[in-house]
Amino acid sequence: MDLLRFITAGSVDDGKSTLIGRLLYDSKSILADQLEAIERASKSRDDGEIDLALLTDGLRSEREQGITIDVAYRYFQTPVRKFIIVDAPGHIQYTRNMVTGASNCQLAIVLVDARHGVAEQTRRHSLIASLLGIPHIVVAINKMDLVDYSQDVFSDICIHYAELAQKLNVKHVTYIPMSALNGDNVVDRSESMPWYEGQTLLEHLETVEIADDVNLTQGRFPVQYVIRPQTPELHDYRGYAGKITSGQFRKGDAITVFPSGETSTIDAIEIAETHLDEAATPMSVVLHLATDVDISRGDLIVRSDSQPLSSQTVEAMLCWMDSKEFKVGNKYVLQVGTFRTRCSVREIAYQVNVNTYEQIEGVEQLRLNDLAKVVLRTAQPISFDPYATNRASGGAILIDETSNVTVGALMLVGEA
């Protein structure tokens, strides 16, 4: 049974938390004690209905304000597939939270209020989903009950969003009309919209093809730990532990270690003292090499037939996540996989206007939640793949040297 990780995004009050609550409730994925808890918390409602949004809005401030602030994760499964739901905030103030939640997702549900159509946050979240390389987008046109389940309203929003998707070069877009509050087309098919002949949301989530989204060609293995027990029983044991982030490795494969460029071959692949002939992403394994090579945490082991880029000057798309301003000349720690090095900001090539997708040149500084293309100069060469071809080895973060806080999310583009 495979796993689908998806995120919900949209403007404030578009119904993200209610949609997730409805999905869990109608698919019978709520435990009895959870149901009792939200029934008790819903007693103050005048209509007596259960507030399904309480399933994901866990913070007191979220419940008081009726908005999502933190990124909430929920797990459920059907007989067909396992799911991890990422409930992201809709408010512009929490765009960085949305970037954090979406970074590992394979599908994004972008909610659109049927009364308001495509809004500023719809454009912002679609842009972020595109930059993060999320391969599948579901446009969930919610609150159809408030527009009398009008097919014309649904069609107009589809046309408007299709223009936006074309600008972003998003290829796999699915449109579903629904009412999360009433359960129309979430798990069960709606009788109020006989004109809609497509799948319900759950049917789409269960059947969307995600096998092709996995990169099996570029073998990448960031070393997390060097295992060297030096006991009498394991006197010569030397293993390199980590997670295969993309591709696959086989016993006997020729490998190259970055940044040193040294080469060797895989002598053994081990999981919990069991030896395998091959292993693939996302397995966590221990690799043994045929020759002694100087390898430490942060090094990258790759298959020699598919080598990454290596450079000290890189271009990247940046989502700035700190209240302090991002300026040319600022210094940070750049982390790619398990590798860290110091870097400085050489240039802000342009900032992206999230409403028009216009590229604004001549920008001297970035503020919280800004998106831009930047050029960085690193103290040591970094090894990476363009984010568009390999999300696992093309993603990076910027860390503030003084506070050790993550201040930026990067999608590496290439050498500058």
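The values are calculated or read from the model by the stated rules, or taken from the named source; none is laboratory data. Here the structure is a predicted model, which is why all the values come from computation and not from measurement. For neighbour counting, all protein chains shown are included, and Cβ atoms are generated from backbone atoms with ideal geometry for every residue, glycine included. Quick note on the areas: whole protein, heavy atoms, side chains included, nothing else; ligands and nucleic acids left out. Shrake-Rupley method; radii C 1.70, N 1.55, O 1.52, S 1.80 Å.
Given the condition open to solvent by less than 70 Å² (accessible area, probe 1.4 Å) and without any contact (Cβ under 8 Å) to a residue 12 or more places away in the chain, answer yes or no: does some residue in segment 326-339 qualify?
Within segment 326-339, the subset open to solvent by less than 70 Å² (accessible area, probe 1.4 Å) is 326, 329-330, 332-339.
Cutting the leftovers down to without any contact (Cβ under 8 Å) to a residue 12 or more places away in the chain gives us none.
No, that holds for no residue.
Quick grid of which residues meet (1) surrounded by 13 or more Cβ atoms within 10 Å (Cβ to Cβ); (2) touching an Asp or Glu at 6+ places or on another chain (Cβ under 6 Å); (3) over 24 Å from Ile399 (Cα atoms):
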site: Gln224; (1), (2), (3): yes, no, no
site: Gly252; (1), (2), (3): no, no, yes
site: Pro259; (1), (2), (3): yes, no, no
site: Ala280; (1), (2), (3): yes, no, yes
site: Asp299; (1), (2), (3): yes, no, no
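Scan segment 160-189 for residues that are of a type in the set (S, T, N, Q) and more than 14 Å from Ser130 (Cβ to Cβ) and jot them down. Reasoning before the result, please.
Narrowing segment 160-189 to residues of a type in the set (S, T, N, Q): 166, 169, 174, 179, 182, 185.
Of everything in segment 160-189, those that are of a type in the set (S, T, N, Q) and more than 14 Å from Ser130 (Cβ to Cβ) turn out to be Thr174, Ser179, Asn182, Asn185.
Name every residue in segment 356-375 that is touching a residue at least 24 places away in the same chain (Cβ under 8 Å) and open to solvent by 30 Å² or more (accessible area, probe 1.4 Å), in order of residue number. If you could, list the steps in order and put the result at the bottom.
Filtering segment 356-375 for residues touching a residue at least 24 places away in the same chain (Cβ under 8 Å) gives 357, 364-375.
Passing the criteria: Tyr357, Glu364, Gln365, Arg367, Leu368, Asp370, Lys373.
How many residues are modelled with pLDDT of 95 or more and within 18 Å of Arg297 (Cβ to Cβ) when one looks only at segment 398-416?
Qualifying residue count for the region: 1.
Output the number of residues of segment 376-395 satisfying the condition of being closer than 21 Å to Ala349 by Cβ and open to solvent by less than 10 Å² (accessible area, probe 1.4 Å).
6
Check every one of the strands (runs of 3 or more DSSP E) wholly within segment 256-373 and list those with 3 or more residues that are under 20 Å from Tyr240 (Cβ atoms), in contact with a Lys or Arg (Cβ under 7 Å, 6 or more places away or on another chain) and not assigned by TED's automatic domain parsing to the domain that holds Asp400. First the steps, then the outcome.
Details: elements: 263-271, 274-276, 278-280, 284-289, 300-303, 309-320, 331-336, 339-352.
Output list reads 263-271.
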